[in-house]
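Here's the structure we're looking at; comments come further down.
The values are calculated or read from the model by the stated rules, or taken from the named source; none is laboratory data. These numbers were taken from a predicted model, which means no experiment stands behind them. Every residue, glycine among them, receives a Cβ derived from its backbone with ideal geometry; neighbour counts consider all protein chains shown.
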Amino acid sequence: MQTGFAFSKLADHLANLAELTADDLDLLTKMPSTIAHFGSHQAILRHGDASNQCCLLLQGYLSWQDAYGSEGQITSISVPGDIADLRTLYRPCIDGNLIALGPAVVAFVPHRCLRELSIRSPAISRALLLMLIGDHAIQRNWTINLGSRDALTRAAHLLCEITARLQNVGLARDFRLSSPFTQSDLAAACSISPVHANRTIQELRRCNLLHWHGKTLTIPDWPGLVRLARFDPAYLGLRRRDQTPQQAQSGAARADVVPA
């Protein structure tokens, strides 16, 4: 794939869901879009909007947030390579607020272009469908996370999920990543108070499962975080992922480490 290809993370994501050929990838390079930059906590889409385009995240993080709650409950987080509002291909009305978590760069792709792309490439059509199914699976897992896990496990599971999804598109390979949220954002995603979120982060630090310095997160003990979270990445529906040295060393001995 050519260096600087704007949709490289999307291509990585789709290729981890379905088998894509060089011709399929070439179609992606020609996909028209409008690039936009957003500041931290700036709204990209608002509840009730009608959409005729999809929002592909190129850099940064996005979150869907409750449009009615005063606490800004975060209901999902998008990472680079995600199409945050893919469901609008079939239901164009926006049913939440899409907010940038920190500075973000997005590409707006017209619905008609994605539909034409799906007609020209059955493989891409299948990958987009699997991406949409994956979004629903992630949402179901978030419901489980909030409904049946304590605060420490919720936070650990969220960190595991974000890391695995970043690794899926070639990021966070050394378990070092730009923070997808502030402590207040973490509280909103885990449905706990900011004070409780701070205590949870301190406990993860005390257990040497998380280092949080400024805008950078580092996971020094990935197998330990996976065990705490009881994280099984099967729900992400990934076809393949390259294995890191730490995972390869731990995977043979532990079934609860993220598999390749």
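Would you say Arg165 is over 26 Å from Leu225 (Cα atoms) and among the basic types (Lys, Arg)?
Spelling it out, it is not the case that Arg165 is over 26 Å from Leu225 (Cα atoms) and among the basic types (Lys, Arg).
The conditions are (1) modelled with pLDDT of 95 or more; (2) assigned to a strand (DSSP E or B), and Gly102 fails exactly one of them. Which is it?
Here Gly102 meets the rest and fails (1).
Take the residues of the range 105-136 that are in a strand (DSSP E or B) and of a type in the set (Val, Ile, Thr): which is surrounded by the most Cβ atoms within 10 Å (Cβ to Cβ)?
Filtering first and then ranking leaves Val106.
When only residues in the range 77-93 that are part of a strand (DSSP E or B) and hydrophobic (A, V, I, L, M, F, W, C) count, which is surrounded by the fewest Cβ atoms within 10 Å (Cβ to Cβ)?
Step one: filter the range 77-93 for residues part of a strand (DSSP E or B), giving 77-78, 83, 93.
Still in the list and also hydrophobic (A, V, I, L, M, F, W, C): 77, 83, 93.
Working: Ile77: 22, Ile83: 24, Cys93: 11.
By that ranking, first place goes to Cys93.
Can you spot a residue in the range 68-76 that is touching a strand residue (DSSP E or B) at 6+ places or on another chain (Cβ under 6 Å), in contact (Cβ under 8 Å) with a residue 40 or more places away in the chain and of a type in the set (A, V, I, L, M, F, W, C)?
Yes, there is a match, as at least one residue in the range 68-76 is touching a strand residue (DSSP E or B) at 6+ places or on another chain (Cβ under 6 Å), in contact (Cβ under 8 Å) with a residue 40 or more places away in the chain and of a type in the set (A, V, I, L, M, F, W, C).
Would you tally the residues in the range 190-229 being farther than 17 Å from Ala164 by Cα, among the aliphatic types (A, V, I, L, M) and in contact with a strand residue (DSSP E or B) (Cβ under 9 Å, 6 or more places away or on another chain)?
Matching residues across the range 190-229 total 2.
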